[in-house]
Each structure stands twice: as structure tokens, then as C-alpha cells.
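Here's the structure, in C-alpha cells; my notes come after.
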Amino acid sequence: MSTATLDSTVGTTRPVVIHLDDLDIVGIMHNARYALVLERAMAEFWAEHGYHFHGGVPSSPDMIAAVREFAITYHVPVRGTGPIQVQFWLDSMGGSSAVYGFRFLSEDGATVFADGRRVMIKMDRTGRPTPWTDQGRAIAAKLMR
């Protein structure tokens, strides 16, 4: 997926800080950390809309979801610590699924370090797919591409 020409106003863009423990032995961001940094950026967006866990209890049934698919293409290494940006959006939202697109950008937005997609499935407490709530869909609409 090429996101080099993606409009910077699509979805939301979050500043994140890459820390020393995000780096591998050669001083670039470890490949496994991209999923974690994306998760934290997404959690921040949803928390701003009242979706969070407190004491292990979800604030909404929409919080019970699992990653079904995670795909990423690395273009340029993130070198060293410091600020970068994570942009993410929704490409589609089904009955119980949500397909996010994302990209990792330099602080000035000029360099695309990596891009990809993440598919989420909303589940009930037994682990079976279940529909998103109307409230969750309304918030998610802000992220639609």
C-alpha cells in the first residue's frame, strides 16, 4: 500500500515519542515495537472519547476486541529516540470488524517510515463476534477515510 500521497487530514495523527527501549541493538526502532506504538496511539484517541479500561473493566462493550490481522511494510528505519507521528484511519467498518490503515511519519510528516493495516474484530465476553454499538460507530466515523 502506498500512502505517500495520503492527505494528512485523513483520520487522526498523533505525536508519539520513541524511547531507548523501543530500539534494537543497531539503534533503529525494533520491528515488534511498531504494533505497540500504534496500539498506544489508538488507545489515546479512544480514551479521549471515553473508551478505556479502569481496574480491568471496559468503559464500553466496544472495548472488547481483538486484532485479527496486522500487516506492515517498512520503508525507512526510525533511527534513534525522539518524536515521530502516527497517523491512522478507518478504511471500512463492518458488522463486527474494523479495518484500520496506518502510517508512521517523521515529526515534520515528510518521511513515511512504515505503513500498513490492522483488522479488529469486536467480540462479546465469550469471544464470539458481535456488532459494534451505535455510539462506537459514531466515534469511529471521525476516522473514516
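Tell me whether the range 111-120 contains one or more residues that are closer than 19 Å to P61 by Cα, modelled with pLDDT of 95 or more and not in a helix (DSSP H, G or I).
Yes, the range 111-120 has at least one match.
Tell me which residues, restricted to the range 53-80, are touching a helix residue (DSSP H, G or I) at 6+ places or on another chain (Cβ under 9 Å), part of a loop (DSSP other than H, G, I, E, B) and under 17 Å from A98 (Cα atoms).
S60
Among (1) within 17 Å of A141 (Cα to Cα); (2) small (G, A, S); (3) not in a loop (DSSP other than H, G, I, E, B), there is one condition G50 misses while meeting the rest; what is its number?
G50 satisfies all of (1) within 17 Å of A141 (Cα to Cα); (2) small (G, A, S); (3) not in a loop (DSSP other than H, G, I, E, B) except (3).
Which ones in the range 82-98 are surrounded by 15 or more Cβ atoms within 10 Å (Cβ to Cβ) and outside any strand (DSSP E or B)?
The one that is surrounded by 15 or more Cβ atoms within 10 Å (Cβ to Cβ) and outside any strand (DSSP E or B): S96.
Being surrounded by 15 or more Cβ atoms within 10 Å (Cβ to Cβ), touching a residue at least 24 places away in the same chain (Cβ under 8 Å) and outside any strand (DSSP E or B): is that true of F45 here?
yes
Quick test of your reading of the structure: H52 fulfils all but one of (1) surrounded by fewer than 12 Cβ atoms within 10 Å (Cβ to Cβ); (2) modelled with pLDDT under 95; (3) closer than 22 Å to V17 by Cβ. Name the failing condition by number.
Going through the list (1) surrounded by fewer than 12 Cβ atoms within 10 Å (Cβ to Cβ); (2) modelled with pLDDT under 95; (3) closer than 22 Å to V17 by Cβ, H52 breaks only (1).
Between a first residue in the range 80-93 that is free of Cβ contacts under 8 Å to residues at least 12 places away in the same chain and a second residue that is part of a strand (DSSP E or B) and hydrophobic (A, V, I, L, M, F, W, C), which pairs have beta carbons less than 6 Å apart while being 6 or more apart in sequence or on different chains?
Note: pairs meeting the criteria are S92/V99.
Pick from R40, R14: which is under 24 Å from T81 (Cα atoms), of a type in the set (D, E, K, R), surrounded by fewer than 17 Cβ atoms within 10 Å (Cβ to Cβ) and at pLDDT 95 or above?
Only one candidate qualifies: R40.
Based on this model, can you work out whether R68 counts as of a type outside the set (S, T, N, Q), surrounded by 13 or more Cβ atoms within 10 Å (Cβ to Cβ) and more than 26 Å from I18 (Cβ to Cβ)?
So R68 passes the test.
If you go through the range 99-139, how many residues are touching a residue at least 24 places away in the same chain (Cβ under 8 Å), crowded, with 16+ Cβ neighbours inside 10 Å and either basic (K, R) or more than 17 Å from T9 (Cβ to Cβ) (or both)?
15
Please determine whether any residue of the range 59-76 is within 18 Å of K122 (Cα to Cα) and without any contact (Cβ under 8 Å) to a residue 24 or more places away in the chain.
Looking through the range 59-76, at least one residue is within 18 Å of K122 (Cα to Cα) and without any contact (Cβ under 8 Å) to a residue 24 or more places away in the chain.
The values are calculated or read from the model by the stated rules, or taken from the named source; none is laboratory data. In this text, all values refer to a predicted model and were calculated from it rather than measured experimentally. Here Cβ is always computed from backbone atoms with ideal geometry, including for glycine, and neighbour counts include all displayed protein chains.
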